[in-house]
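Here's the structure we're looking at; comments come further down.
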Amino acid sequence: MPDDHFQRLIHCLEQEAVAEAREVVRLSRRTTGDSAERSGACLIGLVIRDETAGFGGRVVLNLGKRDRRQELPWTRLNSGTPIVLSEENGEENVGWRGVVTDRDRETITVAVGDAPEPLADRPTFRLDLSSDEVARQRQRDALRRAASVERGRLANFRHKLLGEQTPEFGVPKDWQPLSALDQSQRAAVSHALAAEDVAIIHGPPGTGKTTTVVELIRQAIRRGERVLACAPSNLAVDNMLERLLAGGERALRIGHPARVLPELRAHTLDVQVESHPDLKLAREWIKRAWSLRRQASKYTRTAPQVGARRELRDEANQLMADARRIESQLVTYLLDSATVLCATLTGLDGDLLRDREFDLVVIDEAAQATEPPCWIPLLRSRRLVLAGDHCQLPATVVSPEARRDGFHISLMERLVDLWGAAISRRLTTQYRMHQQIMQFSSMEFYDSALVAADSVAKHLLADLPGVTRCPLTETALRFYDTAGSICEERAETDGSSRENPGEAQFVANQVAELIAAGLPATDIAVITPYGAQARLLRQLITERAVEVDTVDGFQGREKEAVVISLVRSNTAGELGFLTDTRRMNVALTRARRKLIVFGDSSTLANHDFYLRLIEYFECEDAYGTVWELDGGQ
């Protein structure tokens, strides 16, 4: 079984690589005009505005449109995104790989290995979203090693994770919380501390999962354990890092500094090495070494003494070796002096970590990762704790073939299916949503187990300073039925997504009403399952501070008010993306004080989940139609 399991995962990795490559080609064919940028996966017509030296010898380029007054369009190229920079109308297959380090309305900044040497006098460039082949190779290597090991710690660990042996738990030991925890959070930490091999912390929306994970890590550190804290995304890792530092822990961040939040970069290994006084001496030795090498190669009119050139080269080589030794010793010192290392799953560099093992590996947001990257830290782990919510969105899988082979099923979800409550503890008090916003998802996904904390159970927009009291702000829920109105879905003109212009206009009007009631635009989000609808909404909502994105973009996020546009309205009852109810669970649980949903009941009611959703709004006296709003006919 082990070999079959890992071979299947490797095969799925290859299928996903092929599918991603096809998608990049498809998007890159949109080479001219606004259509090239509509997908959000590229930016075109950029010029280099500034060029500076970056971390670790990298080059940092600041790019923007040629017209400095022109803002960048909406894009998925955010800080930490891997990219390829290429010159428009330049040579084919010539590009520079790097990552986005920063972005504002007018410019985007990227760090690349080498600076482009433009062929034209004033060339324009394009940025494209890139796959991370280094990450994929690390996953392959980890799977092959996990499959091949026959005995020892890793082999025993593998037996538990493949369901061949039952996970074991010791007797819980006494511990004193280092932060304020509720009863379910304490129970989850106790359970995880007692695990002999693997445990799961199940954190539904708003239940303080990261707080619980950080408490677990700090308790393990108090026990003298070495901890490796991981997550699929840089943002999730940074969230843990920030809280660990606030708790006074000696946490060190591994990974490209450009992918780390600016305020946390000082805690990355790269920056700490670069800023250490000992490295300045190493840099001087390297400069001296290069000077000696140039001197040894320099032509002179008179013949040098016998062996003089060799002596210069030998001295240069010795200086280089001494400098590298200092760098290596410094890296070793920093890694060993940290009580917890923080990194993304695929950001773990084997050459850097060498043979280091960890008493505890914690993977936060584990349900958002496919299984292969989880095996990278597992190779170094004595115990594993997975934290996340398998009732929300899984990792994105592009390949239909890989999805059919179960590639979208996370390690966490697979273990929950195998062992259930025996290894998992659920957090039950949520600190985000008004109880009416929470209740439907609690019933549908969490066995009605969630309880809203007193601090949020009744909070409303009207309770915020500067917000006018009115029916819009004094209620937590509203569903607007678009059936029979002007709201009809249609295929996107240039692409495969769908949009609903009538519904989009109602959404934009509702956002305007929220702002008119005194709610800051930064406290409002608009969520839709379809990229085309998101693009249309960004055109209609003139206030740029209002965040508009697809469901995937809002996983792990929250806003005071959320407006959802479900888009689908057709006589065939086709729902497309909406049939993934976990996707809708994410959308419905982002709002803190106000949730507004627009949808066509005649289409939605063909699915049991949405029928129950509409019935819930009716029971809460929160159902209405767009005929109540201006422009309903």
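Below is a table of values for the structure above.
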read-out	value
Count of residues meeting criterion [open to solvent by 40 Å² or more (accessible area, probe 1.4 Å) and either modelled with pLDDT of 60 or more or over 24 Å from the mean Cα position of the chain (by Cα) (or both)] in the range 31-55	11
Test: residue in the range 215-233 that is of a type in the set (Val, Ile, Thr), assigned to a helix (DSSP H, G or I) and touching a residue at least 60 places away in the same chain (Cβ under 8 Å)	yes
Selection within the range 374-388 - open to solvent by 10 Å² or more (accessible area, probe 1.4 Å) and under 21 Å from residue 186 (Cα atoms)	383
Cβ pairs under 8 Å, 6+ apart, first in the range 352-371 and on the phi < 0 side of the Ramachandran plot and acidic (Asp, Glu), second surrounded by fewer than 18 Cβ atoms within 10 Å (Cβ to Cβ) and not in a loop (DSSP other than H, G, I, E, B)	371/414
Hits in the range 417-451 - residues which are within 17 Å of residue 562 (Cβ to Cβ) and touching a Phe, Trp or Tyr at 6+ places or on another chain (Cβ under 8 Å)	439, 440
The lone exception for residue 354 - which of (1) more than 22 Å from residue 195 (Cβ to Cβ); (2) open to solvent by less than 40 Å² (accessible area, probe 1.4 Å); (3) among the basic types (Lys, Arg) it fails	(2)
Options 457, 516; residue that is over 18 Å from residue 437 (Cβ atoms) and free of Cβ contacts under 8 Å to residues at least 60 places away in the same chain	516
Looking only at the range 380-410, and only at residues there that are among the basic types (Lys, Arg) and in contact with a strand residue (DSSP E or B) (Cβ under 6 Å, 6 or more places away or on another chain), the one that is farthest from residue 7 (Cα to Cα)	383
Residue within the range 264-275 that is at pLDDT below 85, part of a helix (DSSP H, G or I) and surrounded by fewer than 13 Cβ atoms within 10 Å (Cβ to Cβ) present	yes
Filter result (acidic (Asp, Glu) and either touching a residue at least 40 places away in the same chain (Cβ under 8 Å) or in contact with a Pro (Cβ under 8 Å, 6 or more places away or on another chain) (or both)) within the range 239-279	249, 270, 274, 278
Those residues of the range 400-434 which are part of a loop (DSSP other than H, G, I, E, B), open to solvent by less than 60 Å² (accessible area, probe 1.4 Å) and among the β-branched types (Val, Ile, Thr), in sequence order	423, 428
Identity of the residue in the range 236-259, open to solvent by 10 Å² or more (accessible area, probe 1.4 Å) and at pLDDT below 90, that ends up farthest from residue 336 (Cα to Cα)	259
Yes/no for residue 492 being touching a residue at least 24 places away in the same chain (Cβ under 8 Å) and of a type outside the set (Val, Ile, Thr)	yes
Residue that is touching a residue at least 40 places away in the same chain (Cβ under 8 Å) and within 23 Å of residue 543 (Cα to Cα), where the choices are 475, 468, 429, 482	468
Total residues in the range 495-526, condition part of a helix (DSSP H, G or I) and either touching a Lys or Arg at 6+ places or on another chain (Cβ under 9 Å) or open to solvent by less than 20 Å² (accessible area, probe 1.4 Å) (or both)	13
The range 527-545, residues that are out of contact with any Lys or Arg (no Cβ under 9 Å at 6 or more places or on another chain) and open to solvent by less than 40 Å² (accessible area, probe 1.4 Å)	528, 534, 536, 537, 541, 545
The range 583-633, subset part of a helix (DSSP H, G or I), at pLDDT below 95 and open to solvent by 40 Å² or more (accessible area, probe 1.4 Å), residue nearest to residue 532 (Cα to Cα)	627
Count of the range 324-349 residues which are modelled with pLDDT under 90 and not in a helix (DSSP H, G or I)	1
In the range 438-478, the residues that are of a type in the set (Val, Ile, Thr), open to solvent by 30 Å² or more (accessible area, probe 1.4 Å) and within 29 Å of residue 393 (Cβ to Cβ)	451, 475
Only listed residue being open to solvent by less than 60 Å² (accessible area, probe 1.4 Å), touching a Pro at 6+ places or on another chain (Cβ under 9 Å), of a type in the set (S, T, N, Q) and part of a loop (DSSP other than H, G, I, E, B), chosen from 179, 190, 131	131
Every residue from the range 350-379 that is of a type in the set (Lys, Arg) and either under 17 Å from residue 251 (Cβ atoms) or assigned to a helix (DSSP H, G or I) (or both)	356
Subset of the range 142-172 [assigned to a helix (DSSP H, G or I) and touching a residue at least 60 places away in the same chain (Cβ under 8 Å)]	142, 143, 144, 145, 146, 147, 153, 154, 157, 158, 161
Selection from the range 105-117 of residues that are open to solvent by less than 90 Å² (accessible area, probe 1.4 Å), at pLDDT below 85 and either in a loop (DSSP other than H, G, I, E, B) or out of contact with any Gly (no Cβ under 7 Å at 6 or more places or on another chain) (or both)	113, 115, 116
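Let's see how each residue does on (1) over 24 Å from residue 616 (Cβ atoms); (2) among the aliphatic types (A, V, I, L, M):
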position: 457; (1), (2): no, yes
position: 460; (1), (2): no, yes
position: 465; (1), (2): yes, no
position: 473; (1), (2): no, no
position: 493; (1), (2): yes, no
position: 500; (1), (2): no, no
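The values are calculated or read from the model by the stated rules, or taken from the named source; none is laboratory data. This is a predicted model, so every value here is computed, not measured. In this analysis, Cβ positions are derived from the backbone assuming ideal geometry, glycine residues included, and neighbour counts consider all displayed protein chains. The accessibility values were calculated without ligands, DNA or RNA, using every heavy atom of the protein model including side chains. Shrake-Rupley method; radii C 1.70, N 1.55, O 1.52, S 1.80 Å.
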